[in-house]
Every structure is written in C-alpha cells, then in structure tokens.
Amino acid sequence: MAEILNVQGLETQFRTREGTVHAVNGVSFSLKEGETLGIVGESGCGKSVTVMSMLRLIPSPPGKVVAGSAMYQGKDLLKATDEEIRHIRGSQISMVFQDPMTSFNPVLTIGRQVAEPLEIHSAVSRQQAYDRAAEMLAMVGIPNAKDRLNDYPHQFSGGMRQRVMIAMSLICTPQILIADEPTTALDVTIQAQIVDLVKRLRDELGMAIIWITHDLGIIAGLADRVAVMYGGFIIEHAPVKELYTNPTHPYTMGLLGSLPRLDVSGRKRLTSIEGIPPVLLEAPHFCPFAPRCKYAVDRCWNENPGDFNVGPDHTAACWVDTKTGRER
Amino acid sequence: MGRFVVRRLLWLIPVILVVSGITFILMHSAPGGPWDRDLSARQVDPNTQRLLNEYYGLDKPLWRQFVAYIIGDYNKDGSFKCGLVCGNLGPSYRQRGLTIQQILFMPPEGKNFFYSRFGYSIRLGVYAMLFAVILGVPAGIISALKQNTWADYISLFIVTIGISVPNFVIAIFLIIIFASWLHVVSIVPRSWDQVDVWILPAIILGFGTMARTARLTRASMLEVMRMDYVRTARAKGMAERLVIFRHMLKNSLIPVVTMLGPSLAALVTGSFIIETMFGFPGMGRAYVTAIGQRDYSMIMGTTLIYAVLVALANLSVDLTYVLLDPRIRLD
Ligand SMILES: Nc1ncnc2c1ncn2[C@@H]1O[C@H](COP(=O)(O)OP(=O)(O)O)[C@@H](O)[C@H]1O
Ligand SMILES: [Mg+2]
C-alpha cells in the first residue's frame, strides 16, 4: 500500500506566561492508504497537539509549529498556504473531536452542520448537500435521518451526537480520518458501538484512520499499528500484535499493566503508573519518563534516548533493555 | 409559551401596586403641595386652595386618596369616577383641563403619535439605541478579534470612559466642543423637526449604552472564539470570514440582543437629565417639572409608565432568548 502521509520531526511549542511549553518534540510517523494508526498516551502527552499541528489548527498565539514536515500528496501541510490547507481540511483529511457535546454549534441545525463540509468543498446545491447529509446520518445509524436534519444538537444523546460527528467528518469521503479520543466522553457500551461503527465505515469507505486514545484496550481490535506517546515524543512504535505481546518501553508496559487481560490465565493485580505526565517547560535533555520509571539508570537522567530497533518494525526509545534489565 | 407570557403579565399587577404605593408615600412626604407658587409670584389664596383641595379630593385622608387613585371614588353628585384600573391616570393639577394621558400621549394638532411627549422620548431613546448598537457591536467584535492590539486598546479606552463618566458630564464636554467652539449644533434648538439637532442628545444619551454593548459583545465574542465548535468549523475547511459570520456571530450576539429591550427601556426612562439639559419636549422633562411642582397625579402616572416599560423590557429578555437559542424553552 502506498504511503499517503509522512510526518517527520514535528515540533510544536506554546508560549505561555509560565514559559515555553514543549508540547511536541520531534514526532515522526507515516500512514499508508487504508491503514489505521493508533496514537496512545495519557492526557497531556501531546497527542492532540500532534494532529492539530498537521492540520494547522493550533491556536496561534500561543502555539507555533517550530520544526518538521508533514507530507501529504507531495505537499508539505506545514508550509502550504492558508488556502491550500483549507481545501484539504474537512475534504481530504477530516477530524472527529472528543466532546460531542461542545463540538457542535448549539444554534445551528444538525443538517446544516453535517452538510457544511460538502457545501464548502464541492459545487453542490444546498438541497443536494442536505440529501447527502441525510444519507450519511442513515449510514451511521441515526433513525429517521431525514426528519432529524432540522433538529438541534441538544436534541441528540451523546452517543448519537458522536455518530453525527462521524457522519459529518466522512461526508466528503476523506482519505484520512483523524479521531481525537472520540469515545472518551461516552459510556463504555456506547464506546464499543462507536468503535464497531468506525470499523464498518472503514471497510465500506476505505479511508486511513489516525485514532487517538488514552485507552490501549480500545484500539487493540482497531489499529494496525500503534504509536505510544509520552512527553511529546513517540516512545514506542510497533504493529499492534507486536506491541501487545512484546511491549518494550517501561511506559508501554505500565499502560498495559493497567489493562485487564482475558488471555492471561490466573489472577493478576492491575498496576498503575505512579505520577502524572510532565509539562515540559524546557527542551527535554533527558528521558521525560525517567522521574516515573522504575528501570531508570543514570544515563536516563543525562541523555534523551533515540529510537532503538527492538523487533520487526518495532522501535522503542529507552536506554534500558527491559527484557534483560541491562543498559543498551 | 403563551401561559408563560400571561403569568409574567399578571405579575405586573403587584408590581404596579407596590410601585404606586411607594411613590404615593414618598410624594406626599415631601413638603409643599400642588398649589404652592414661587415666593416671588402671586400666591393662591387660602380659600381657593381649600376649594381646589375639595374639588380634587385632596382634603380626604391619604388612604382614601390612594384607593381613589387606584380604584376610583364617588363624585359629589354620586357618580362613580374610575381610577387606574380603568386606565385613568387622573387630571393634572397644574395643567388645567388636561388628563395625564393627554399630556403624555396626545400629539399636537395634526401631528402623529411620535410628536407626543411619550413619542419624543421614545424617538430619542431609539436613536440613542441605534447609535449604541451600530457603534458598540462592531467595536466589541473588532476588539475581540484583534485582542490586545491598538484597535482593542482604543476601543477599551472609549468603553471605560463611557462606563465610568456620567452622561451629564460627557454632555457638558460635548456641548462645549460642538456648540461653543465648533458651532456645529445649537444647544437649545428652536425646532425639533430638523434631524441634526437630535444628534448630540442621542449620542450623549446612548454613550454609556454603547460602551456597555461594546464590552458585552467583546466578552461574549472572546468566549465564543474559544469554543470547540469554532475549532470544528475550522477543521471543516471553512474560510475564516465564514467561521466568524456563521459560527461565532450568532452565538456571541445572543446576550447582546437579549439586552436590547432593557437597554431601550433604560434609555427611554433615563433621559430626563438630557431632556432637561436640551429643553427637549419629552416625557422625562415633564416628569422633572412635575416633581418640582408637586403635580401628584403626573408624578404617579409617569412613574407607573416607567415601571411598566421596565417590566416589559425584562419580559422581552426571556422571549428573545427563546427566539434565538433553540436550547431554551419556556413552560
Ligand atoms: N493552547 C495551549 N496553550 C498552552 N499549552 C497547551 C495548549 N494546548 C496544549 N498545550 C500543552 O501541550 C501539551 C500536550 O497537550 P495535548 O496534545 O492536548 O495532550 P493530549 O495528549 O492529552 O491530547 C500539554 O502539556 C498542554 O498543557
Ligand atoms: Mg487530547
């Protein structure tokens, strides 16, 4: 499969009153046609900022993409003109946001909002756009889709609203769908329904997906590859099976340790990682995970590790080989 | 919705009773009466005063006068004269032969309603309001979009003046500049039929409202700009201009539009200083004059009209909310 997106060395910073926040510190990844990439990490690890930087949706000021490239169809999104990036947003790369409650405009009807991307990006009439919107709503499982076009967002439940959001993001049949924690605000049963819906739509429409979550459990059955983020770095990157069977970075191991497993027999205590992710106010010159890491050695405090190849298509950024406990 | 409006209108009854009760007590606690004249002028002789009091029922105990004002009383000849409940605001004690309704609402011969005292005040209020909105709303929007730039600071400077300096002080400055120095307006116009003589009073009256409108618009716009749905709109690939007009404006103007009613009521009822300064033939100046002359029924009538205006304006807030925000329902 051909590569459609290639991000290299992405760095994004925010200038705040407390200082410069180094939110993303050199992130690289790529995405193939029809592939699903999971980006995992706790809150504040820089997942949202990474994808928002690509689409240039970072509020500026205070945010600024300071380095890197994001090649899409031979064009660097980070250097594209406002007009060029505008034509890509919503039509070729579209987003689903975390909170379906606040991500809709409360005073515009659902039909209007769902049809909007089509009205912006193609020369259809409003009526045609509305018809298509009704089809999309039916496709994501909204009952009586046509009648509901004139309803307002508050007349939908959270789960239904997220379905509508997905319909809205897919109405222009984009090549890439970026879903930023689309299930975090929903009940567990609804979460599963949304994941199933997206899987079905992916099979029907064939778009590539970047699925952001802090829940490794959700993407096990969804993603082809997983990138684990911490402190604005991708600290481990592997195909999904490889990552689950062979986690290498202490942070990934910690995340998996806090996940209940059905395939491991015997009773095992769920563990959690002590502490919270850092807010990096200076350029990280040591491993950002070191303060919370039980494997940390002196070197972790002095030098930030680069990516090591630890398996097939599998990299991890850690000075310690966690299998043997020895320094690399 | 209909029931809500009816309920709120019924609430007007106790409001009117309380307002008229308080006004009545305050008014009669002030020394003097409607027949007093300037010390330099010829006084009304005591015998005539007694007859007048008797004729207007001012010789009766106060509670009886109050009941007569609200409900009505029997005339000497036994016929019943209905009071406020029938919409009668009573006869003026100083402008003989005219009722309060006639003084406030009757236009001069051959003119339409807007040439009555009430009409003049409404017009001045509306012009002031137009000035406030046409200047205040765009100023607030630009300030928010260009937050912390010179445009924002200039607008904030004017807003701060408008909010903190009372309008009669602004009036004096503007009169000195435009009338005394530049001679572009006359302070006491001979006729209010020309357009240009309205400009200065309307601007002065509307200045504070303009400032508050700009501040409210700016604050509400800044809040809306941070909203998730604005980010959603950008993520759809919408042009920034459209994001502002389609997704930000309506949301950020909801609080501003709901304030229009109360602002207008405040301008119409709050214009008495400006009206007095400019010798304006409106309700506000008539009110101030009536207070000085102890024209009891005129004071009562005007106060009640003000109270009703304010109450209706407050009702309009809820109704405009329902019109503008689909999330809000009244029941
Ligand atoms: N508008 C902003 N201003 C300042 N700091 C920000 C802003 N947005 C994000 N950040 C910082 O960037 C870091 C990464 O945030 P984010 O990408 O939203 O995390 P997450 O992985 O939960 O999506 C956080 O430390 C956050 O404080
Ligand atoms: Mg996030």
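If the condition is being surrounded by fewer than 19 Cβ atoms within 10 Å (Cβ to Cβ), more than 14 Å from every other protein chain (Cβ to nearest Cβ) and either in a helix (DSSP H, G or I) or in contact with a helix residue (DSSP H, G or I) (Cβ under 8 Å, 6 or more places away or on another chain) (or both), then segment A:106-131 contributes A:Val124, A:Gln127, A:Gln128, A:Asp131. The residue that is farthest from the other protein chains (Cβ to nearest Cβ), counting only those in segment A:65-94 that are in contact (Cβ under 8 Å) with a residue 40 or more places away in the chain and open to solvent by less than 10 Å² (accessible area, probe 1.4 Å), is A:Ala70.
Tallying residues that are assigned to a strand (DSSP E or B), away from ligand 2 (no atom under 16 Å from the Cβ) and in contact with a helix residue (DSSP H, G or I) (Cβ under 8 Å, 6 or more places away or on another chain) within segment A:211-244 yields 4.
Taking the conditions (1) over 30 Å from B:Leu330 (Cβ atoms); (2) of a type outside the set (Lys, Arg); (3) touching a helix residue (DSSP H, G or I) at 6+ places or on another chain (Cβ under 7 Å) in turn, B:Leu12 satisfies each one other than (1). Residues that are within 23 Å of the chain's Cα centre (by Cα) and of a type in the set (A, V, I, L, M, F, W, C) within segment A:309-321 comprise A:Ala316, A:Ala317, A:Cys318, listed in sequence order. Examine segment A:70-87 for a residue that is within 16 Å of ligand 1 (Cβ to nearest atom) and not in a loop (DSSP other than H, G, I, E, B), and state whether such a residue exists. The answer is yes; a qualifying residue exists. Would you confirm, using the coordinates I've provided, whether A:Val188 is open to solvent by less than 50 Å² (accessible area, probe 1.4 Å) and either more than 16 Å from ligand 1 (Cβ to nearest atom) or not charged (D, E, K, R) (or both)? It is false that A:Val188 is open to solvent by less than 50 Å² (accessible area, probe 1.4 Å) and either more than 16 Å from ligand 1 (Cβ to nearest atom) or not charged (D, E, K, R) (or both). The residue that is farthest from B:Leu312 (Cα to Cα), counting only those in segment B:237-258 that are crowded, with 19+ Cβ neighbours inside 10 Å and within 8 Å of chain A (Cβ to nearest Cβ), is B:Gly237. The condition (being open to solvent by less than 10 Å² (accessible area, probe 1.4 Å), within 16 Å of ligand 2 (Cβ to nearest atom), of a type in the set (A, V, I, L, M) and not assigned by TED's automatic domain parsing to the domain that holds A:Arg161) is satisfied by just one residue among A:Leu10, A:Leu31: A:Leu10.
Table: residues versus (1) open to solvent by 20 Å² or more (accessible area, probe 1.4 Å); (2) away from chain A (no Cβ under 14 Å).
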residue	(1), (2)
B:Ala235	no, no
B:Leu260	yes, yes
B:Gly270	yes, yes
B:Asp295	no, yes
B:Gly301	no, yes
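The set of residues from segment A:41-59 being out of contact with any Gly (no Cβ under 7 Å at 6 or more places or on another chain) and either open to solvent by 40 Å² or more (accessible area, probe 1.4 Å) or outside any helix (DSSP H, G or I) (or both) comprises A:Gly41, A:Glu42, A:Ser43, A:Gly44, A:Ser48, A:Leu55, A:Arg56, A:Leu57, A:Ile58, A:Pro59.
Residues that are more than 25 Å from B:Met238 (Cα to Cα), open to solvent by 20 Å² or more (accessible area, probe 1.4 Å) and either in contact with a Lys or Arg (Cβ under 7 Å, 6 or more places away or on another chain) or within 15 Å of ligand 2 (Cβ to nearest atom) (or both) do not occur anywhere in segment A:192-199. Scanning segment B:68-75 turns up one or more residues that are within 25 Å of B:Gly282 (Cα to Cα) and touching a residue at least 12 places away in the same chain (Cβ under 8 Å). Just one of the listed residues (B:Leu205, B:Leu200) is away from chain A (no Cβ under 13 Å), over 30 Å from A:Val51 (Cα atoms) and either among the charged types (D, E, K, R) or under 14 Å from the mean Cα position of the chain (by Cα) (or both), and it is B:Leu205. Selection of segment A:13-28 for residues being surrounded by fewer than 17 Cβ atoms within 10 Å (Cβ to Cβ) and in contact with a His (Cβ under 7 Å, 6 or more places away or on another chain) yields an empty set. Kindly establish whether A:Gln162 is away from every other protein chain (no Cβ under 14 Å), in a helix (DSSP H, G or I), polar (S, T, N, Q) and farther than 30 Å from A:Lys323 by Cβ. No, not satisfied. Go through segment A:132-149 and give me each residue that's in a loop (DSSP other than H, G, I, E, B), aliphatic (A, V, I, L, M) and closer than 23 Å to A:Arg202 by Cα. Correct list: A:Val140, A:Ile142. B:Ser180 meets each of the listed conditions (1) without any contact (Cβ under 8 Å) to a residue 24 or more places away in the chain; (2) within 14 Å of chain A (Cβ to nearest Cβ); (3) among the hydroxyl-bearing types (Ser, Thr, Tyr) apart from (2).
To keep it simple, each residue is scored yes or no on (1) under 23 Å from B:Phe272 (Cβ atoms); (2) modelled with pLDDT of 95 or more; (3) surrounded by 17 or more Cβ atoms within 10 Å (Cβ to Cβ).
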{"residue": "B:Asn167", "(1), (2), (3)": "yes, no, yes"}
{"residue": "B:Ile176", "(1), (2), (3)": "yes, no, no"}
{"residue": "B:Trp181", "(1), (2), (3)": "no, no, no"}
{"residue": "B:Ala214", "(1), (2), (3)": "no, yes, yes"}
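Among the residues of segment A:200-210, the ones that are open to solvent by less than 10 Å² (accessible area, probe 1.4 Å) and away from ligand 2 (no atom under 15 Å from the Cβ) come to 4 in all. Listed conditions (1) closer than 24 Å to A:Ser48 by Cβ; (2) away from chain B (no Cβ under 13 Å); (3) assigned to a loop (DSSP other than H, G, I, E, B) are all met by A:Asp99, apart from (2).
The values are calculated or read from the model by the stated rules, or taken from the named source; none is laboratory data. A quick note: this is a predicted structure, and the numbers were derived from the prediction, not measured. In this analysis, Cβ positions are derived from the backbone assuming ideal geometry, glycine residues included, and neighbour counts consider all displayed protein chains. In case anyone asks, the SASA skips ligands and DNA or RNA and just uses the protein heavy atoms, side chains included. Shrake-Rupley method; radii C 1.70, N 1.55, O 1.52, S 1.80 Å.
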